[in-house]
Amino acid sequence: MNDETVDHGQSEDALLMQAVARGDERALGELIQRWQRPVLNFFYRSLGSGGDAEDLAQAVFIKLHRAAPRYRPTARFSTYLFHIARRVLLNEFRRRGRKPLDPVAPEDLVATASSNSDLQLLELEEIFQRSLERMPENHRTAILLLKQQELSYAEIAEIMETTEGMVKTWIFRARTILKEELRNIL
Amino acid sequence: MTHDPQDLSAEDARIDELLQPRELGGDLFVAWTLDAIRQDTRRRRLRAFWTSTSVLAASVVLVFSLWPVKPGDNGLQMAGKTGPSTADAALYGEMLALEDLLLPADIFAQEENQQTLDFLIYLTQN
């Protein structure tokens, strides 16, 4: 066991995972409590629907619970968790490729605007979300993991099973796409 | 189209701001997820139980089907190999007699009687 393994093994998440593996439901609840927001936000920005984000986040935690007995803290817990999350996301895209998309409820897309500035903010948000959804999955996932989840290039490369150089390229392209979209409205 | 670097950094800042996590989830989501995990655990345990039960049942069937049969054991064995015992023949005769008593005469036809007789002759000869 190297130093890095010892370090990760002593993290609170790793300890919680070990407790989950022993069947501790309180530890499982705490783990979900700690990680629900990052996972939900990742899926929300990837799919643009709060309901779908909840379904997929739940699928991630079910897989995490199943994997707990086999979990070894060889990397940061976030790397492990988002590796599962990305696999769940790719499976969802494959499933959607085979089945027609469910119509998104209007309330998922449009929130109520009380003033003109709120309306502009909503418009900006909608355009931003649409441009995120339109870009290739690897570009979007890379920029979300960097900016939303604040992971390092090395961690993103591990999650996405690629090189750091490729991750940087994807993030640069994602930024370029988003900037182009924002230039039209800002 | 050219852009002022100041504008570009403003766009970058806006993108970073828009990518910031929102206040999603809550206690309800945690409770809902824990419930889904409990159901998943129950389903997996049930599936494991049925799989082990099916394997056990298949093993029992396999063992009985491969069990070596010796001459004189109960049951009608394959003709030409071991043949039924006299106890089997006697039992079969009793069964036929009982059936004869229970069934009306017109149902137990002459042809069937002949077939039964042929069978009894076969049993006694073997």
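Residue-wise test of (1) assigned to a helix (DSSP H, G or I); (2) within 7 Å of chain A (Cβ to nearest Cβ); (3) crowded, with 17+ Cβ neighbours inside 10 Å; (4) not basic (Lys, Arg).
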position: B:22; (1), (2), (3), (4): no, yes, no, no
position: B:29; (1), (2), (3), (4): yes, yes, yes, yes
position: B:38; (1), (2), (3), (4): yes, no, no, no
position: B:45; (1), (2), (3), (4): yes, no, no, no
*From the set of residues in segment B:9-36 that are within 14 Å of residue A:34 (Cα to Cα) and among the β-branched types (Val, Ile, Thr), which is farthest from the chain's Cα centre (by Cα)?*
B:30
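Would you confirm whether or not segment A:32-45 contains a residue that is in contact with an Asp or Glu (Cβ under 6 Å, 6 or more places away or on another chain) and either more than 9 Å from chain B (Cβ to nearest Cβ) or among the aromatic types (Phe, Trp, Tyr) (or both)? Outline the logic, then answer.
Of the residues in segment A:32-45, the ones in contact with an Asp or Glu (Cβ under 6 Å, 6 or more places away or on another chain) are none.
There is no residue in segment A:32-45 that is in contact with an Asp or Glu (Cβ under 6 Å, 6 or more places away or on another chain) and either more than 9 Å from chain B (Cβ to nearest Cβ) or among the aromatic types (Phe, Trp, Tyr) (or both).
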*Positions within segment A:146-167 being among the hydrophobic types (A, V, I, L, M, F, W, C) and more than 19 Å from residue B:13 (Cβ to Cβ), in sequence order*: A:151, A:154, A:156, A:157, A:159, A:160, A:166, A:167
*asked:* I need every pair where a residue in segment A:171-186 that is facing chain B (nearest Cβ under 7 Å) has its Cβ under 9 Å from the Cβ of a residue that is β-branched (Val, Ile, Thr), sequence separation at least 6 or different chains.
replied: A:175/A:143; A:175/B:15; A:178/A:143; A:178/B:15; A:179/B:15; A:182/A:127; A:182/B:15
*Please find, within segment A:117-138, the residue that is farthest from the other protein chains (Cβ to nearest Cβ) out of those that are touching a Lys or Arg at 6+ places or on another chain (Cβ under 9 Å) and not charged (D, E, K, R).*
A:136
*helices (runs of 4 or more DSSP H) lying entirely in segment A:15-98 (those with 1 or more residues that are in contact with a Pro (Cβ under 6 Å, 6 or more places away or on another chain))*: A:25-47
*asked:* assigned to a helix (DSSP H, G or I), surrounded by fewer than 21 Cβ atoms within 10 Å (Cβ to Cβ) and more than 13 Å from chain B (Cβ to nearest Cβ): is that true of residue A:168 in this structure?
replied: yes
*asked:* Can you tell me which residue is surrounded by the most Cβ atoms within 10 Å (Cβ to Cβ) among those in segment A:142-158 that are away from chain B (no Cβ under 12 Å) and not small (Gly, Ala, Ser)?
replied: A:156
*asked:* Checking residue A:72 against (1) closer than 18 Å to residue B:40 by Cβ; (2) surrounded by fewer than 17 Cβ atoms within 10 Å (Cβ to Cβ); (3) not β-branched (Val, Ile, Thr): exactly one of these is not met. Which one?
replied: (1)
*Is at least one residue of segment A:66-74 closer than 18 Å to residue A:154 by Cβ and either facing another protein chain (nearest Cβ under 8 Å) or over 15 Å from the mean Cα position of the chain (by Cα) (or both)?*
yes
*Select, from A:64, A:56, the only residue that is crowded, with 19+ Cβ neighbours inside 10 Å and under 19 Å from residue A:148 (Cα atoms).*
A:56
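Quick note: the coordinates plus some simple rules give every number you see, no bench work behind them. In this text the structure is predicted, and so the values were computed from the model without any measurement. Backbone-built Cβ (ideal geometry, glycine too); neighbour counts: all protein chains shown.
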